[in-house]
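In what follows, a single structure is set out as structure tokens and then discussed.
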Amino acid sequence: MYDTYEEAYAADLEVWQSLEIDQWYWIPGTNIIGAVCDGSTNAAGTPPPVSDEAPCIHDEHGHGTGTTSSVLSEAPNALLLVHEGNSGASALASAPVTADIQSHSWGPPAPLPLHAGDPVTQPLFGLADQGADREETIFFIAAGNGAPFPTIVDSSRVHPRVQIVGGGFPGKATTSSWSLFDYASWYCRPTAIPRSVDGVRPSYCGTSFSAPTVAGTAAAALLQLRQAEGYTGRSTADMVTPTVSREAFIDALRSAATYAPGQRFDNEASSLGTEVDHVEGQEHLFWGYGFLDASRVDAIVACAAEDVCPSKSTEAETWNEARQEARRLQTEPLLPNGSGGEAPAPAPTAFVEDPAG
């Protein structure tokens, strides 16, 4: 164990210099069972900053570090596949395993209508390249930041298989996301600092960090369910454990999401969004099914395993059903049987051991 990132990096410099684009690596001694960088440009069309010494280390602003640490804060025992690249996520096709839970925090550079033509979100409704059509995977995506109002007409997020996550704070709602979302979570939250052994950024803001917080919550609940059943297998298109269906698990996430979250992180609402006070009884208009973070794991498990589920108002249920129906109406005419289609078989992958630790 090294005291600083610089010491650890220097000790394994030869390994870091040997990394290759589009190659998945396992990092022993960590919970990263696969990491890859595709070397592509980002959604804005500009190349990522690249180190001359190690071409796959270019998380200069800490975005990927922040999203990954947001997952682990909710699910410390999660096994991770980490993709560094643009929102097309092309390397996912060759991943060593298909993820049970996926969090996607990239998107086109501008909201409607410009994002409809963004090439990195093709195909528009299937999100196939990003993995959203893989029936084994529950797919979470950030709702986006900065739009003057949210919309259902969003080509990169409209498909019903996509779980959209927006930002919020206890006692506040935001109208700054591009898309009407299914769940809210922390718009600003602590994250890990890149190139540090134990550094923490007190507050990093954006739905990029809301989405992995919810994905981590789902992963933590899924692990509890599997441990209770003694199940060590993977999700299928229909079941997440031998006794809990995919549909029941997603219903549990929706039921356990709350409109009255506690103040878990000590930070103030960011000026990046347009925030308004909650209107009592109308939180669903801003937060969809409600707020999710690790504090709701036990409620998710109880709902999925024992059918002991929190209830929501008739108004909230009606609103959320109408949102989902609007999304289905946009996609079903374009997709056979209303589904995303079958995912292509993963390409053969060399699972390379990377001794850096």
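The values are calculated or read from the model by the stated rules, or taken from the named source; none is laboratory data. Predicted model only: the values in this text are computed from it and were never measured. Please note: Cβ atoms are built from the backbone with ideal geometry, for glycine as well, and neighbour counts cover all protein chains shown.
Per-structure values
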| item | result |
| --- | --- |
| Selection count, the range 295-352, where residues are assigned to a helix (DSSP H, G or I), acidic (Asp, Glu), at pLDDT below 95 and loosely packed, with under 14 Cβ neighbours inside 10 Å | 1 |
| Qualifying positions in the range 17-40 - part of a loop (DSSP other than H, G, I, E, B), on the phi < 0 side of the Ramachandran plot and of a type outside the set (D, E, K, R) | 18, 19, 21, 23, 24, 27, 28, 30, 31, 40 |
| The listed residue being surrounded by fewer than 22 Cβ atoms within 10 Å (Cβ to Cβ), of a type outside the set (A, V, I, L, M, F, W, C), at pLDDT below 55 and farther than 15 Å from residue 215 by Cβ, out of 119, 113 | 119 |
| Among the residues listed as 76, 47, 108, the single one being assigned to a loop (DSSP other than H, G, I, E, B), modelled with pLDDT of 55 or more and surrounded by fewer than 17 Cβ atoms within 10 Å (Cβ to Cβ) | 76 |
| Complete set of residues in the range 1-16 that are assigned to a loop (DSSP other than H, G, I, E, B), at pLDDT below 85 and of a type outside the set (A, V, I, L, M) | 2 |
| Of all residues making up the range 135-179, the number that are assigned to a strand (DSSP E or B), modelled with pLDDT of 80 or more and of a type outside the set (S, T, N, Q) | 12 |
| Scope the range 16-32; condition buried (at least 16 other Cβ atoms within 10 Å of the Cβ), among the hydrophobic types (A, V, I, L, M, F, W, C) and touching a residue at least 60 places away in the same chain (Cβ under 8 Å); matching residues | 16, 19, 24, 27 |
| Some residue of the range 251-261 being in contact with a helix residue (DSSP H, G or I) (Cβ under 7 Å, 6 or more places away or on another chain), over 23 Å from residue 316 (Cβ atoms) and at pLDDT 90 or above | no |
| Residue check for residue 248: among the hydrophobic types (A, V, I, L, M, F, W, C), surrounded by 14 or more Cβ atoms within 10 Å (Cβ to Cβ), free of Cβ contacts under 8 Å to residues at least 60 places away in the same chain and in contact with a Pro (Cβ under 7 Å, 6 or more places away or on another chain) | no |
